[in-house]
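Here is the structure we will look at, set down as structure tokens.
The values are calculated or read from the model by the stated rules, or taken from the named source; none is laboratory data. A quick note: this is a predicted structure, and the numbers were derived from the prediction, not measured. Positions of Cβ are generated from backbone atoms using ideal geometry, with glycine treated the same way; all protein chains shown enter the neighbour counts. Keep in mind that these areas ignore ligands, DNA and RNA; they rest on the heavy atoms of the full protein, side chains included. Shrake-Rupley method; radii C 1.70, N 1.55, O 1.52, S 1.80 Å.
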Amino acid sequence: QVQLVESGGGLVQAGGSLRLSCDASGRALNMNAMAWFRQAPGKEREFVSAIDWIGTNTYYADSVKGRFTISRDNIQNTVDLQMNSLKLEDTATYYCAANRAPFSRAPLTSNGYEDWGQGTQVTVSS
């Protein structure tokens, strides 16, 4: 049993930055791949970024590559998403997700993750 809670969302002007955090409780996730997805109103959930359990390999959607950085702190059992140079198109609810298979590479699709947080809203204004 694991609970994921996202935080750090808010309202920011275009070009600004936000740092999202995902806190896990119930069990340690240091051996699990983690990811961030986002969903805007009326749109399907899309992949944003993922990180392998070891933390060496990271993956990014083309739309955020060079602007977003995913990282993890296995001691604190958290996964962060640093978002820089935010654009209006980044406005969405951002979800943290965990893959249950230990020692696995990070899937890049939502069906590769079993545990999800409730989401945190990110709104980018002009």
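Remarks
- Residues of the range 45-57 that are charged (D, E, K, R) and either buried (at least 18 other Cβ atoms within 10 Å of the Cβ) or within 11 Å of P107 (Cα to Cα) (or both): D52 alone.
- Residue among Y60, Y95 that is touching a residue at least 12 places away in the same chain (Cβ under 8 Å) and either among the polar types (S, T, N, Q) or buried (at least 21 other Cβ atoms within 10 Å of the Cβ) (or both): Y95
- Taking the range 78-92 as the range and being open to solvent by 10 Å² or more (accessible area, probe 1.4 Å), closer than 18 Å to D52 by Cβ and modelled with pLDDT of 95 or more as the test, the residues that pass are D80, Q82.
- Taking the numbered list (1) outside any strand (DSSP E or B); (2) open to solvent by less than 60 Å² (accessible area, probe 1.4 Å); (3) at pLDDT below 95 in turn, I75 passes all entries but (2).
- Test: residue in the range 106-124 that is free of Cβ contacts under 8 Å to residues at least 40 places away in the same chain and part of a strand (DSSP E or B): no
- Within the range 81-119, the set of residues being among the hydroxyl-bearing types (S, T, Y) and within 12 Å of F37 (Cβ to Cβ) comprises T93, Y94, Y95, T109, S110, Y113.
- Per the listing A40, A50, A33, A61, the residue uniquely touching a Pro at 6+ places or on another chain (Cβ under 9 Å) and at pLDDT 95 or above is A50.
- For the range 1-44, a tally of residues being more than 20 Å from D62 (Cα to Cα), among the hydrophobic types (A, V, I, L, M, F, W, C), assigned to a strand (DSSP E or B) and open to solvent by less than 50 Å² (accessible area, probe 1.4 Å) returns 4.
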